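A short write-up of the structure that comes next.
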Amino acid sequence: VEAGTLKNPVLRARPNRIDRIGDPLLRGLSGLAAAVAVAVIAGIAYEVIHLAWPAITKFGVGFLTTNDWNPNPLVQRFGAAPFLYGTVVTSFIAILFATPLSIAISIYLTELAPKRIRRPVATLVDMLAAIPTVILGLWGILVLGPFMRDTIEPALNSTLGFIPIFGGDPSAFGYLTAAVILTIMATPIITSVTREVFETVPGDLKEASYALGATRWEMVRQVVLPYSRSGIVGATILGLGRAIGEAIAVAQVIGGANLINASLFHTGGTLAAQIASQYQNSAGLQKASLAYLGLILLVFAVIVNVVARIIVQRGGLKDVDVTPTEAEAL
Amino acid sequence: MSPPDAHALLLDRGNLKRRNRLNRGVEALCTVGAVLAVAVLAIVVGSVFLKGVGALSWHFLSTPTALFGESGGGISNAIVGSAVMVALAAVMAVPIGILVAIYTTEFASPRIAHPVRFVLDILNGVPTIITAIFIYGLIVVPQGRQSGFAASVALAIVMLPIVARTAQEVLSLVPGNLKEAAHALGIARWRSTVRITIPTAAGGLLTGSLLGVARVVGETAPMLILSSIVAQGVLTDPGQPLASIPYFIFQASESPKPEAHTEAWAAALVLIAFVLVLNIVARAFYARSRKRMGA
């Protein structure tokens, strides 16, 4: 109860001058700060549309399906299709790897690991998210890329080469290398949410399952996973958001091709990576087209984040926080 | 028909044997998953350390980058540039972030606080390359040139949701009876906030700020678009474009020359050491702060 709301004149007597200013001042200042945060989102949307406007009016919705990116001054034809394809393919593969991996890590951390090492291991997994992406990209160029070219991709090619996505010559740069880098980025994000969701599974449900003679895996499959289903879906979508938005590391390892290619070993591009590699060296319609790619990416990112949070909240977690402080709760 | 032998049901054979085997298999897979994640961290950090430590020297840290395309320089200009831009970003983002958190935890009704949190989460999910384009249109286009200031505004936007969300979390942990005691004594809301809530939560607020700094010091996309055309030498004026460690790594990583790669690894070692230490310190403050508030 605030002193000012009390009816008794003795209790509300002489609020000193500083307090009369201080209260509305702090309320006003902090409200203003909140308004700034809201204004930034609106400003981002406005500014990206504004910068993209020449390309929006020129290419319209057909931009999304145009499989061409030709900055030649005589042609100047730009389309988002190669980058939409690259974004979808790399993020999808990343999620395909990262989600089961994250579920496995979370099961380990909540059910299997000795109590003493849970927190350190959780912290180490979180640390993976702290590595600056430009360093992952550097590692991708000089360590992972050659390994993919010399070991993983030839192996995939010789066993599964009859499928077009595993056909073609192995290369250090391409969709698959980018997807592996994105897997490394998405895993700690997904893990931090799934782990938190697994921890909310009521102990008596687990014990009931054990009491019926379930093995640990049967308990997890019949209690933990169903109970956490929406949390897992939400976490996966959050990881997807991380994967589609990454510009730098992907630009470093994907090789920067402007056309769709069926082979995963081939160089390609994503929305974010294309902006990163061309924005500062472009002008006119090309720059506007890059901003148009940015607009598509922004729409993706906002939808993904909104959907993920709604799903996770529906799933019973009041609040999912992706700040990396959760490990302390273990 | 005789009742089933209870003892036999518990023996590891037949159906139970199969189930136990499956269980052990899955447990092993989960353990492998956790080991894999930790191993990837070890491999990345290990690569950076092994390949970077050889090129790391006082000369490397204290010399500005050599002329374009040449090696043999260092990263002193990038260290100074990063420090200036990140400090400016922190000066903007930390007060605003904490104020936002104060607003949502102390003043706003849930009907307003909830959407503000939601907006912060959305802001956290905006790709940093988009934030960079936003500031490009907002500052670089009107000014007609890149600047360290433009980059630091972009970094501040990246930092804001991290600081604000951590601060909200920590402020909401401050024991209600402390605030209630203050209000019972007739102390104004702003006084109780400034003198009781904030000092109690100080460790946690510091955590958010450190995590924010750790996050943005490695941000490359804003540097690329807002502060990449850099003059020679050690510069501190945020009115012009400034060098930065992440952009140095990015540029050197794209170079075909092995010497440039060595320099990239050395700079990466400096950056990753800073980021990891900052993360560990932030976590320590957070743990202490939680303990202090009895959470």
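The values are calculated or read from the model by the stated rules, or taken from the named source; none is laboratory data. In this text, all values refer to a predicted model and were calculated from it rather than measured experimentally. Cβ coordinates were reconstructed from backbone atoms using ideal geometry, including for glycine residues, and neighbour counts include every protein chain displayed. Areas reflect the complete protein model, heavy atoms only, side chains present, ligands, DNA and RNA absent. Shrake-Rupley method; radii C 1.70, N 1.55, O 1.52, S 1.80 Å.
Per residue, how big is the convex hull of the stretch B:34-142 when only Cα atoms are used? Give it in Å³. Intermediate results must be reported in sequence, preceding the final value.
Details: hull volume 23.1 nm³, N = 109.
Dividing the Cα hull volume of the stretch B:34-142 by its residues yields 212 Å³.
Using alpha carbons only, how many angstrom separate the centre of the stretch B:136-163 from the centre of the stretch B:13-29?
Their Cα centres are 56 Å away from one another.
Quick one: go through the stretch A:215-254 and flag any residue whose amide nitrogen is under 14 Å from the point 7 Å out along the Cα-to-Cβ line of A:Arg314.
A:229-235, A:237
What list of whole percents do you get for P(r) of the stretch A:170-325, with Cα-Cα distances grouped in 5 Å bins up to the one holding the largest distance?
2, 9, 14, 15, 14, 13, 10, 9, 6, 4, 3, 1, 1, 0
Once you order the gyration tensor axes a ≥ b ≥ c over the Cα atoms, which shape class does the stretch A:106-164 get: rounded for a/c under 1.5, otherwise prolate or oblate by comparing a/b with b/c?
Details: a/c = 3.90, a/b = 1.71, b/c = 2.28.
Note, shape of the stretch A:106-164 comes out oblate.
Show me the ranking of peptides B:198-206, A:132-140 by mean Cβ neighbours inside 10 Å, starting with the highest.
Numbers: B:198-206: 19.6, A:132-140: 27.8.
Per-residue Cβ counts within 10 Å, averaged per peptide and sorted highest first, yield A:132-140, B:198-206.
Roughly how many nanometres apart are two label points built 7 Å out from the Cα toward the Cβ at A:Phe147 and A:Leu64?
It is 3.8 nm.
Can you grab the distance from the C-alpha centre of the stretch B:42-118 to the C-alpha centre of the stretch B:275-295, Å, no decimals?
19 Å
So if R0 is 25 Å, what FRET efficiency would B:Ala181 and B:Lys291 give, r being the distance between their Cβ atoms, rounded to the nearest 0.05?
On the way: r = 21 Å, r/R0 = 0.83.
Efficiency for this residue pair is about 0.75.
Given labels modelled 7 Å from the Cα in the Cβ direction, how far is it in nm from A:Leu74 to A:Ile163?
Label at A:Leu74, label at A:Ile163, 4.3 nm between them.
Could you estimate the translational diffusion coefficient of the stretch B:182-227 from the Stokes-Einstein equation, with Rh from the Kirkwood formula over C-alpha pairs, at 25 °C and 0.890 mPa s, in whole µm²/s? Don't skip to the end; give the middle numbers.
Values: Rh = 13.2 Å.
This corresponds to a translational diffusion coefficient of 185 µm²/s.
Using only Cα atoms, locate the centre of the stretch B:216-271 and the centre of the stretch A:52-95, then give the distance between them in Å, rounded to an integer.
The distance from the Cα centre of the stretch B:216-271 to that of the stretch A:52-95 comes to 29 Å.
Pick from B:Gly208, B:Gly218, B:Gly25: which residue has the top mean-square fluctuation in a GNM of chain B where Cα pairs under 10 Å get a spring?
The residue with the greatest mean-square fluctuation here is B:Gly25.
Within 10 Å of each Cβ in B:217-226, how many Cβ atoms from other chains are there, averaged over the peptide?
Details: counts 1, 8, 4, 11, 11, 0, 2, 9, 5, 1.
The mean count of partner-chain Cβ atoms within 10 Å per residue comes to 5.
Go ahead and collect, in residue order, the members of the stretch A:70-100 whose backbone nitrogen is under 12 Å from a label point 7 Å along the Cα-Cβ direction of A:Ile260.
A:80-89
Apply the membrane-span-like helix rule to chain B: whole DSSP H runs, Cα extent along the own long axis of at least 20 Å, mean Kyte-Doolittle hydropathy at least 0.5. List the helices found.
Numbers: long enough: B:15-53 (56 Å, 0.94); B:76-102 (38 Å, 2.21); B:110-125 (22 Å, 0.42); B:148-171 (32 Å, 1.57); B:198-216 (26 Å, 1.24); B:258-292 (51 Å, 0.63).
Correct list, ordered by number: B:15-53, B:76-102, B:148-171, B:198-216, B:258-292.
Chain A: longest stretch without exposed trypsin sites (Lys or Arg not before Pro) (DSSP loop, at most 12 other Cβ within 10 Å), sites themselves excluded? All intermediate terms of the calculation are to be shown ahead of the outcome.
On the way: sites that count: A:Lys7, A:Lys318.
The reported range is A:8-317.
Averaged over peptide B:38-46, how many Cβ atoms belonging to another chain are found within 10 Å of each residue's Cβ?
The mean count of partner-chain Cβ atoms within 10 Å per residue comes to 5.
Just the number: Rg to Rh for the stretch B:55-209, Cα atoms, Kirkwood Rh, two decimals. Could you put the intermediate results ahead of the total?
On the way: Rg = 20.4 Å, Rh = 18.1 Å.
For the stretch B:55-209, the value is 1.13.
Percent of accessible area on the protein assembly as shown owned by carbon and sulfur, 1.4 Å probe?
The computed percentage sits at 66.
Quick one: P(r) of the stretch A:56-144 from all Cα-Cα pairs, 5 Å bins, percents rounded to integers, in order of increasing distance.
3, 10, 11, 14, 13, 12, 11, 8, 6, 5, 4, 2, 1, 0
With no solvent and one point per C-alpha, what does the Debye sum give as log10 I(q)/I(0) for chain B at q = 0.13, 0.14, 0.15 Å⁻¹?
For the requested q values the scattering log ratios are -0.97, -1.06, -1.15.
Given labels modelled 7 Å from the Cα in the Cβ direction, how far is it in nm from A:Val88 to B:Arg111?
A separation of 4.2 nm, rounded to one decimal place.
Which three numbers, in whole Å and largest first, are the semi-axes of the equivalent ellipsoid of the protein assembly as shown derived from its Cα gyration tensor as √(5λ)?
Details: eigenvalues 299, 283, 111 Å².
Value: 39, 38, 24 Å, ordered largest first.
Let me know the mean shielding of B:131-144 by other chains, meaning the per-residue number of their Cβ atoms within 10 Å of its Cβ.
Working: counts 4, 6, 15, 13, 3, 8, 10, 6, 0, 1, 3, 0, 0, 0.
Mean number of neighbouring Cβ atoms from other chains: 5.
Tell me, what is the FRET efficiency for A:Arg229 and B:Lys17 to the nearest 0.05, using R0 = 35 angstrom and their Cβ-Cβ distance as r?
Plugging the Cβ-Cβ distance into 1/(1 + (r/R0)^6) gives 0.70.
Expressed as a rounded percentage, what relative contact order does chain B have, with Cα pairs under 8 Å and six or more residues apart?
Values: 382 pairs, mean separation 75.3, N = 295.
Rounded, it is 26 percent for chain B.
What is the stretch A:117-266's relative contact order, in percent, from Cα pairs under 8 angstrom and six or more apart in sequence? Walk me through the intermediate numbers first.
Working: 158 pairs, mean separation 61.4, N = 150.
Across the stretch A:117-266, relative contact order equals 41 percent.
Assign one of three labels to the stretch A:248-315, namely rounded, prolate or oblate, based on the Cα gyration tensor with a ≥ b ≥ c the square roots of its eigenvalues; rounded applies when a/c is under 1.5, prolate when it is not and a/b is larger than b/c, and oblate otherwise. Can you show the working numbers first?
Values: a/c = 2.77, a/b = 1.54, b/c = 1.80.
In terms of gyration-tensor shape, oblate.
Scale the Cα Rg of the stretch B:156-195 by the rule-of-thumb value 2.2 N^0.38 Å and send over the ratio, two decimals.
Normalised Rg, Cα atoms only: 1.47.
Give me the compactness ratio for the stretch B:55-106, meaning the Cα radius of gyration over 2.2 N^0.38 Å. If you can, show how the numbers build up before the last one.
Values: Rg = 18.0 Å, N = 52, 2.2 N^0.38 = 9.9 Å.
Against the compact-globule rule of thumb, the ratio is 1.82.
Hey, could you pull the Cα Rg and Dmax for the stretch B:116-167, both in Å?
Rg and Dmax of the stretch B:116-167, Cα atoms, are 12.0, 36 Å.
Can you list residues whose amide H is under 5 Å from A:Phe78's amide H, if they're 5+ apart or on another chain and H is modeled 1.01 Å from N?
When sequence neighbours closer than 5 places are left aside, the close amide H contacts are A:Asn70.
Give, in whole angstrom and from largest to smallest, the semi-axes √(5λ) of the equivalent ellipsoid of the stretch B:119-256, with λ running over the eigenvalues of the Cα gyration tensor. All intermediate terms of the calculation are to be shown ahead of the outcome.
Numbers: eigenvalues 302, 44, 38 Å².
In descending order, the three semi-axes are 39, 15, 14 Å.
Given N residues in chain A, what is Rg(Cα) / (2.2 N^0.38 Å)?
Numbers: Rg = 25.0 Å, N = 330, 2.2 N^0.38 = 19.9 Å.
The reported ratio for this selection is 1.26.
How would the stretch B:203-295 be classified by its alpha-carbon gyration tensor: rounded, prolate or oblate, with rounded meaning a/c under 1.5 and the a/b versus b/c comparison settling the rest?
Working: a/c = 3.52, a/b = 2.00, b/c = 1.76.
Cα axes put the stretch B:203-295 in the prolate bin.
Which helices of chain A meet both criteria: a Cα extent of 15 Å or more along the helical axis and a mean Kyte-Doolittle score no lower than -0.5, with helices taken as whole DSSP H segments?
On the way: long enough: A:17-59 (61 Å, 0.98); A:81-107 (38 Å, 1.80); A:115-130 (24 Å, 0.29); A:175-199 (35 Å, 1.18); A:229-245 (24 Å, 0.96); A:284-314 (45 Å, 1.60).
Result, helices passing both filters: A:17-59, A:81-107, A:115-130, A:175-199, A:229-245, A:284-314.
Using alpha-carbon pairs under 8 Å, 6+ residues apart, how would you state the relative contact order of chain A in percent? Don't skip to the answer; put the middle values down first.
Working: 455 pairs, mean separation 84.1, N = 330.
Over chain A, the number comes to 25 percent.
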